[in-house]
Structure formats: C-alpha cells, structure tokens
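Participant: My questions all concern the structure below.
The values are calculated or read from the model by the stated rules, or taken from the named source; none is laboratory data. As the structure is a computational prediction, the values presented were derived from the model and not from experiment. We place every Cβ from the backbone using ideal geometry, glycine too, and count neighbours over all the protein chains shown.
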Amino acid sequence: MEKKIVIIKCDNSIEESIKILTRAQESYDKKLHRFYNTNTDDKAKIQIVYNAQLIIVFVSYSKDAANMCEDIEKLYLAEGRTNGEKSTEKDCYNLRFKTKKITTSKLVINNFVSNTELDLERDFDKSAYMSISHSKNLIKQLEFIMKESCSSIENKEKNDYVDKYSSYNLDSLAQHNSDCIRLYGKLYDSDGRSEFQHDRERIVNSKSFRRLVDKAQIFTSSKGDHYRTRITHTLEVSQISKAIAIKLNLNVDLTEAIALAHDLGHTPFGHQGERTLDRILKNKIKIINIPTDMKFHNEFGGFKHNFQGIRVLTCFEEKYAEYFGLDVSLQVLDGVLKHTKVNIKNCKSCDEQNKMQCEQNCYELSEFYPKDLNTHFNKDIFKSKIPFTLEGQVVKLADEIAQRGHDIDDTFTSGLIGIDEFSDYMNISFMKELKKIIDLSNEQIDQTNRFIIDENDLRCKRIISDIVGFFINDVVDTSLANMKEYKNGLCENKSKMKKFLVTFSDNGERANEYLEKIISRKGINSLEVSKFDYNAEKVIIALFKAYYENPKLLHKSTLKRIYYDIKCHSNIFVSDNIIDFINGDHLLVKTELDAIAHKEIESNELNVTNTEAYAYWEKRKILVRNITDYISSMTDSYALNEYNSIKA
C-alpha cells in the first residue's frame, strides 16, 4: 500500500499546539501510540489519505515569521494511520500514531522544507492544521531517518551445526561442520551442503570474486595474454591449498573457501594500488584535510588488502535481504585476515618512542568490520597473528608457494631471467635437493623421443611444477610431524591455535626466502615493474583526490553507503544530522559535502563528542573510508576509464 506524508503544523506558542506536541513527545518517550484529533477543515484531506499508511510530521515552529524555514525548531516524525470507519457524515477523524524520531537538525529541517516546498502560511487553509505530500523520494528519506537501528541482528541465538555430512576422514585438529561459527546463522533450511561448502559457493558467486579477473597480480605495464591476474593467482592458491589439505586430512571445503576469498580485498594495479591507498590514509600523500596540530596521522585506519577482505565479505557483498555481507563463517574471515602479515593498531601497548612507528605501520581493525561483528564475537580472536584453523594456516603457506611459482614463471616469460642463469642460482648448498629434482626433469626432456615444439617453454614449465611440488611435499612432511607432536602434548584446543603447525621445514623456509630474493632482484626491481608502479600510483592518487574534492563524482551506491554509515553512527550528534546525498536539496548537499571534506578542525575540538567539529570529523572518516572502498573495488580497466574520464 502506497504511503502518504501528513504534515501537521504546530505553533509552539499556542496551548492547543503545545498539547499536540506533548502527546508526540510522550509517544516517543514511552514508545506508545497516541492520537491526533483532526478538525472540520481537515476533513477533505483526511479522506484522501484514509486507510493509507502514513508518515506524520509534526512541525514545531515559532510564531514570529511562520513562512521562514529557519523558524521551524523541531520535527516529530511518526508512523500512523486513520482511526475508525470512513464516513461522509463525520466532521473529524483521529490519527493513531507512534513517534519514531525527533530532530532539531537544521540540515534535516531545511532539506524537509526544500523537498516539500513547505510554506506554513500558504500551504494550509485558514483554520486547517494539515497538509499532504505524496513525494516518494521524501518518504524514503523520512523512513530512513526514522529507522531505529542499523544492526542486522535481533535476538541472536546460538546455531548448532551437526556433522551429518561426509567428514573426509578428518583429522582431530581439522575443522568439522559442527565447529562452524557464523555472525547471523541459518536463515534457510539446509539443502544438503556442508556449512563450508555454503561459504565457498557464496564467495565464488560474488561480484568481488568476478572482478579478480581484471586485477593485476604484478609485473607489467602493458598486460599480455600470459601474465597473471588475481583470479589466476587465486585459483593456483586454491589448487595448492587443496593438495596440502587432503594430505593432512583437513577440511577441504573450508580450505578452498579461504583460498578463493583470500585476495578479495585487493586493489587495482596489484600491491602498488594497496601501498598508495595506505599512504594516502596515513597522510604520507597529503590529500585529506586533517588537523594541523595532530601528532600522529593514522586516524583513518590505513589500508591492507587482507583487512579489506574482511570488509568485502561482511559489508559490501549483498546476497540476502536480512543483512549486509555473505555471512561466511568466522573460520573463513580469520583465514582471509591472516593469510599475510597482520599488524593491528594497538598504540596503548606502545611506549611514546614507538608510538609513531605503530601509527604508521599498523592498521585499525575496527575500521574494517561491522559493529555487529564486534558485539557478537570475541574480537580478540582476530588479534592473534596465527590463524586459529589449520586450514587457514594451509592457505597462508599456499599463497607463498603460488607466488614463488608464478613470479618465477613471469620472469621466464618476460625474458628477465633465463634457464641457464636460474640454474646457476641453484648451485648453493641449501638448494641442492630442489636442484636435483629440476635436473632430473631436464634429463627426462633430453632423453625423450617425442618431438617438442618449444623446448625452452617446456623446461620452464617443468621448473615451475618442480618448485611447487617441492614446497608442497616439504610443507606436508613438516606439518604432519608438527601435528603429531602437538597432539602428543594433549593440546587439542583447535579453536585457540597458539602456534603454527603448518610450516615449511627450516631448509624449505630458507629456499623460499632465497627464491623470493631472486624475484625481487630480477623481476620486481625491473624497469617494467617500475613503470607499472609509477602509473598505478599516479592513477590512484588522481582518483582519490578527485573524489575527495568532489564527492558527487562517486558512484550513487557509494553515496548511498555514506548516507547509511552516517545514519548508523553511534553518536547521535553525527547520526541525526544527515541528508540524502542523491535526493536531497542540491545546494544543501553541496554545502554539506564541502563541510565534510574541508571544514577546518583542530584536534582539541575532538575531545568533546557533542560538537559540530566532532560530528564533521566523524563524517570525514566515513567519507574517506568509502572513497577507499570504492577505489579498492575497481578493476584495472574500470580505474583507468575513470581516470581518463575525470582527467578529460
């Protein structure tokens, strides 16, 4: 049923109006329904909206100059409908209402007046108190303002998942279906899939996963057909992870889900995009307007792709009507966060000397996950640098192995390193075992009677396969021994893993670090990569600066999210002072966005949380985080198109 807006003017100097406003206030304070009695002059308007769902706006104004919007002091926003049967013989009706929100925000009031073109003198008949509005845009805005809570969780109950699915002969340290922990839990009846199969399929069907196909891994300023993207890297990590998990009798579904999700938070243009966003947020690249006297400059949390992966999975992707995010398990979130280095900002534990370093090198975890996660999970589980599942530990190492393999492959393909030169690098004591495996493959190629189309290409592929296989076997053998020792120590608390059990051997670790140095020396430090990094930084900086200077350039969905995030802020001085950035009054929106980005604020003004300065500082943090989210979600092609469009 279509909603209508009923506007009721209340001169707060008249006794009858004071009674009306008192009932509206009482309804809000006691969360009770109250009644508004119409008069004869409002009869015709009531019959227009009879039986419709109503948003009732009680406008409290001073009598001095009723047609001036700045004299409107307060809006009481209520939900209601007409009470009683419709009749032509009735002279008056009453409206049954419940007040949901009271606002004194000039921004909200002025936007309301602009959207309704409200004139308290001309819009009302001489003795009437009511006016009707049919604006769908305004209805949406008022509904959002009246929304009581942004939490998606109400009366959360513990979900018990049972092991009724195939357990793959799982090790006692593996994660079973019954171990699954979710933020929201089961909304629908099971369709026969295990909980971690659900995770994997939600990830694969997400927009963020599809975008990995056009996000560069590293290496080239002009993409060719054979260089890797994030999607090819992700599939390689998944393949290696599964190979290790099967041999360790771990949960393959969970392992694959973590592997497929581990890079969802990556930016366009590889790690250079990530580094550039982090430098902007930490004020190393000066775009954001921050207090000049602020001692440290990590007020915006920084940027790291593994932290952003949590935000993608819990905030951005939309699959269900009931909540944001994919509601993947805590096991997946933990694995995604910890697949690479985890430096969580905790300056309270730092002395004054190390505080600056902490500010600049660490990341504010709370900036990357929804408040529901903080409320319903023990957030300390994320603070450990060790994945609490062995499946997460597997993906962490599989990521390393995949990187070694494809980085060497790319150096071969680009001609930055040849097979003979690589063979020379193998002539070192701790690489003897791997060299022996590679030499054997080369002998097999030499001795084959098959006609080989491209012998050099075949030798390169065999080297990559041998390297990956060597590390997989090294991890499996070492990890099996670690797991056995751990279980013999009668420490089988798999939800609080305090040490790495899935590891390289000492020799395998050394070999991995050595190969990484070769790649850095020959590949990552190359002219080609330097060009790529330079251009990537240039594009990211230009985009961020353009969006910060003029937020209206952002996509509509990002502006909607900024609007939503402001409304959901825990401080009412922030959340109550909002405007719809798409449907609101154009000049008010422009003025508000300009104040959010550029209003001069001193750090000492932020000590008090009920001030305009504090409200705009919090809004600025929301704007900055959403600009970061928007840029980080882009594919390489989309980012370049946006850059060229803005530059033009």
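Participant: Any idea which residue in the stretch 542-591 is farthest from residue 103 (Cα to Cα), counting only those that are surrounded by 17 or more Cβ atoms within 10 Å (Cβ to Cβ) and among the β-branched types (Val, Ile, Thr)?
Facilitator: Among those residues, the one meeting the criterion is 558.
Participant: Would you call residue 482 in a loop (DSSP other than H, G, I, E, B), without any contact (Cβ under 8 Å) to a residue 24 or more places away in the chain and polar (S, T, N, Q)?
Facilitator: It is false that residue 482 is in a loop (DSSP other than H, G, I, E, B), without any contact (Cβ under 8 Å) to a residue 24 or more places away in the chain and polar (S, T, N, Q).
Participant: Looking at 58, 35, which is the one that is crowded, with 19+ Cβ neighbours inside 10 Å, of a type in the set (Phe, Trp, Tyr) and assigned to a strand (DSSP E or B)?
Facilitator: 58
Participant: Being farther than 30 Å from residue 527 by Cα and of a type in the set (A, V, I, L, M, F, W, C), is that true of even one residue in the stretch 404-419?
Facilitator: No, the stretch 404-419 contains no residue that is farther than 30 Å from residue 527 by Cα and of a type in the set (A, V, I, L, M, F, W, C).
Participant: May I pose another question? Please find, among 474, 457, the residue that is part of a helix (DSSP H, G or I), over 19 Å from residue 409 (Cα atoms) and not hydrophobic (A, V, I, L, M, F, W, C).
Facilitator: The unique qualifying residue is 474.
Participant: Assuming residue 434 fulfils every condition listed in (1) within 39 Å of the chain's Cα centre (by Cα); (2) outside any loop (DSSP other than H, G, I, E, B) apart from one, which condition is it?
Facilitator: Result: residue 434 passes all but (1).
Participant: Which condition breaks for residue 79 when tested against (1) surrounded by 14 or more Cβ atoms within 10 Å (Cβ to Cβ); (2) modelled with pLDDT under 80?
Facilitator: Status for residue 79: all satisfied but (2).
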